[in-house]
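Please treat every number below as a calculation from the coordinates, not as lab data. Since this is a predicted model, take the numbers as computed values, not measurements. Every residue, glycine as well, gets a Cβ built from its backbone with ideal geometry; the counts of neighbours run over all protein chains shown.
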Amino acid sequence: MKKISAITVTTLIVIACSSFTSYSQSGNELAYQSQKGSDEAPDYLTVNPSSKMLRNDVSIKVVRDFTKQFKNVSGEKWYKISDGLIAQFTESEIETKVEYDLNGNWHCTLRTYSEDKLPFDVRDIVKSKYYDFNILVAYEITHFDNVTYILKIEDSKQLKTLQISNGNMEVIGDYVRG
């Protein structure tokens, strides 16, 4: 089970990062390109609006787990995906997606937010090495007891994708201003 969990987290990280291949910032139109040259959003971060479900169509097991984990959330949107369900909601400027498998078991939670919502210890790890970089976006992936952060950071010349897990930081993407 732990081996499957590690593979799943790694897959999520690869999907969330490798398919994020361009970024444009309004105002100064900075564009970054990877080898793929695509500007598509990560597949895992998007849901098909036509796959939307009503909460009443979601299994009671999933709804019970969701309401137990997210007591103060209402108005979430549910989507059917090939291997389960995703609940999506935004609270306190944090976009959250919760995935359940086909058996109704919680699989993972993905939160997307800005630098000001980032935990201090994670921000400190990044800023201690990349103090002149701006943190553009943070993805927090929770899978069982593992929490992994994927951050997009930039300075005037480059964009980097960082992975932070268990206090360790690794550059997993390095792009030059195009």
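Summary of computed values
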read-out	value
Sites residue 74 and residue 120, calculated FRET efficiency, Cβ-Cβ separation with R0 25 Å, nearest 0.05	0.30
Potential extension, residue 172-residue 81 segment - 0.36 nm per residue separation minus Cα distance	30.0 nm
Gain in span if fully extended, residue 136 to residue 55, counting 0.36 nm per residue against the direct Cα distance	25.9 nm
